[in-house]
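This report refers to the structure that appears directly beneath it.
The values are calculated or read from the model by the stated rules, or taken from the named source; none is laboratory data. The structure presented is a predicted model; accordingly, all values stated were derived computationally and were not measured. Every residue, glycine among them, receives a Cβ derived from its backbone with ideal geometry; neighbour counts consider all protein chains shown.
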Amino acid sequence: MTPAPAQHVSAAEPRTFLQDEVFARVTRRFVPLLFICYVLNYVDRTNIGFAQLQMKGDLGLSDAAYGLGAGVFFITYSLLAVPCNLLMTRIGARKTIFASLFLWGITSSCTMFVHTAMQFYAIRGLLGVVESGFFPGVIYYFTEWFPSHRRGNVIGIFQSATVVAGVVSGVASGALITYLNGYWHLRGWQWMFFLEGLPSLLVAFVVLFYLDDRPSQANWLSEDEKAAILDALESDPAKAAGRQSLGRMLLNGRVYLLGVIFFLAVVGTYVLAFWQPSLIRNMGVSSIMKIGIYSTIPSIAAVIAKVWIGRHSDKVREFSWHFAAPAFAGALGMLLIPLVPHNPIVGIAFLTLATAGVHGCIPTFWTIPGLYLSGTAAAAGIALISTIGNVAGFVGPSSLGYIKNATGGFAVGMFLMSGMLVLGAVLVLAMAPGRGPAPLDADANRRSR
């Protein structure tokens, strides 16, 4: 008599049963730490939005010069993102993220010493160098631990750090600039840079001793738990679609299209990050402390939008409309902000809509590259998409500064940013209708047949 395959079923079922519990455990272990790292990262790169309310006068910076300084960061950041991510595949996430945290903490604190526009540009460029490996590195790191259908929620939680950073920076920066101004003969913005850079130095050592580069190295997981993670990664349909060489990835037009879409999506986030304090001041709020408090309202709304949209996208396994709908909402908010220059209540409402929309579409976007790229191609592809997209960090703040100088207001610049966000949403819908796009190498597969 042929025996029933009972052993095969009993071996597979516990492993399948373990996956939800194991991935929840992995999320609890790594995501809160990386979330804190990203909060510190975003505070240290965007706190000049509050510093400029006092710093521009001290250094004699125009709006255009400030916008250029805010954007210089992204030139060096973009140039080094791909090399840093390729280095990460060799030395591991733990060492890469540690080095980035430690160096950007020092660099951010040293911004307190700038006295000229050229020094301001130089320190911002250096900050871009030392931060360049962090974000694309973490996105790649998630592909080593989570299958594609579990990444939207994780990335949504992780990326909500950018808007939590807005809450932290709004309250902390406003308070430091206001209450430490003149203490020990230093201006408030100098104290702000110095004190807000220090936590990154401490957290860097937590990362060094706490992160594991991959599941096989995690001593806190049992062998069955490691096997459950590896099974989920190996059985991920996106893994097979994503296997391609580095050279093939670099020649694939859809990778560059994703970079353009990311550019169009994040240009609004950087404009709001660096110019939000000035936008709120333009609504009729003069106190730096009040500007900091008001700026927390859009940030709280954006946290809710990011987490909910990322989680819902995972649940229904659909990403195109989960990207496009919040992008359209964000574009509407940005379009309306300049129409209420002296009405703080209505202005903050429109700013909240804009912030929730532009941030809400990003987590869903980052599920797309991992659907088609794996291994070294994933590390380089994610970094390349991030590199192209993060040029928006230079274009957005600097162009808004020049347009404001030329026109005397924010309206034209905000209308332009709104249009770019609409274009990004339309491209996603055109590229990936329904529940998912064709694999990036699908065209090549068809030609080979």
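Just to verify a result, which residue in the stretch 282-295, among those that are of a type outside the set (Phe, Trp, Tyr) and crowded, with 18+ Cβ neighbours inside 10 Å, is nearest to residue 164 (Cα to Cα)? Even if it seems obvious, please write down each step before you answer.
Going residue by residue through the stretch 282-295, those that are of a type outside the set (Phe, Trp, Tyr) are 282-293, 295.
With the extra rule that they be crowded, with 18+ Cβ neighbours inside 10 Å, the set shrinks to 282-283, 285, 288, 291-292, 295.
On the way: 282: 23, 283: 23, 285: 22, 288: 19, 291: 16, 292: 13, 295: 11 Å.
The selected residue is 295.
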Residue list for the stretch 84-98, restricted to those being in contact (Cβ under 8 Å) with a residue 60 or more places away in the chain and part of a helix (DSSP H, G or I): 84, 85, 86, 88, 89, 93, 94, 95, 97, 98
Evaluation of residue 174 against (1) modelled with pLDDT under 90; (2) surrounded by fewer than 23 Cβ atoms within 10 Å (Cβ to Cβ) (one fails), failing number: (2)
Residue count for the stretch 308-329, restricted to those that are modelled with pLDDT of 80 or more and within 18 Å of the chain's Cα centre (by Cα): 7
Residue count, the stretch 423-449 (criterion: at pLDDT 90 or above and either among the basic types (Lys, Arg) or surrounded by fewer than 18 Cβ atoms within 10 Å (Cβ to Cβ) (or both)): 2
Unmet criterion (only one of (1) crowded, with 24+ Cβ neighbours inside 10 Å; (2) at pLDDT below 75; (3) polar (S, T, N, Q)) for residue 245: (1)
Looking only at the stretch 202-219, and only at residues there that are hydrophobic (A, V, I, L, M, F, W, C) and crowded, with 17+ Cβ neighbours inside 10 Å, the one that is farthest from residue 130 (Cα to Cα): 218
Residue among 399, 299 that is of a type in the set (Ser, Thr, Tyr), modelled with pLDDT of 80 or more and buried (at least 24 other Cβ atoms within 10 Å of the Cβ): 299
Of all residues in the stretch 114-139 being part of a loop (DSSP other than H, G, I, E, B) and among the polar types (S, T, N, Q), the one that is farthest from residue 82 (Cα to Cα): 116
Residues satisfying the stated conditions in the stretch 95-119, i.e. surrounded by fewer than 24 Cβ atoms within 10 Å (Cβ to Cβ), under 20 Å from residue 394 (Cβ atoms) and in contact with a helix residue (DSSP H, G or I) (Cβ under 9 Å, 6 or more places away or on another chain): 107, 114, 117, 119
Pair list, Cβ < 7 Å and 6+ apart or interchain, from the stretch 207-230 residues that are among the β-branched types (Val, Ile, Thr) to residues that are surrounded by fewer than 18 Cβ atoms within 10 Å (Cβ to Cβ): 207/33
Residues satisfying the stated conditions in the stretch 359-384, i.e. closer than 18 Å to residue 322 by Cβ and either modelled with pLDDT of 70 or more or among the β-branched types (Val, Ile, Thr) (or both): 359, 360, 361, 362, 363, 364, 365, 366, 367, 368, 369
The listed residue being closer than 19 Å to residue 274 by Cβ and either of a type in the set (A, V, I, L, M) or surrounded by fewer than 20 Cβ atoms within 10 Å (Cβ to Cβ) (or both), out of 82, 72: 72
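Per-residue answers, yes or no, for (1) within 27 Å of residue 147 (Cβ to Cβ); (2) assigned to a helix (DSSP H, G or I); (3) modelled with pLDDT of 85 or more; (4) out of contact with any Asp or Glu (no Cβ under 7 Å at 6 or more places or on another chain):
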residue: 184; (1), (2), (3), (4): no, yes, yes, yes
residue: 193; (1), (2), (3), (4): no, yes, yes, yes
residue: 203; (1), (2), (3), (4): no, yes, yes, yes
residue: 227; (1), (2), (3), (4): yes, yes, yes, yes
residue: 241; (1), (2), (3), (4): yes, yes, no, yes
residue: 284; (1), (2), (3), (4): no, no, no, yes
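Looking at 309, 385, 293, can you tell me which residue is in a helix (DSSP H, G or I) and over 30 Å from residue 88 (Cα atoms)? Walk me through how you get there before you give the answer.
Numbers: 309 fails: over 30 Å from residue 88 (Cα atoms); 385 fails: over 30 Å from residue 88 (Cα atoms).
Of the residues listed, the single one that is in a helix (DSSP H, G or I) and over 30 Å from residue 88 (Cα atoms) is 293.
Have a look at 349, 305, 329 and point out the one that is over 19 Å from residue 419 (Cβ atoms), without any contact (Cβ under 8 Å) to a residue 40 or more places away in the chain and not polar (S, T, N, Q).
The match here is 349.
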Close pairs (9 angstrom Cβ cut-off, 6 or more residues apart or separate chains): without any contact (Cβ under 8 Å) to a residue 60 or more places away in the chain in the stretch 61-82, assigned to a helix (DSSP H, G or I) and among the basic types (Lys, Arg) anywhere: 69/124; 76/124
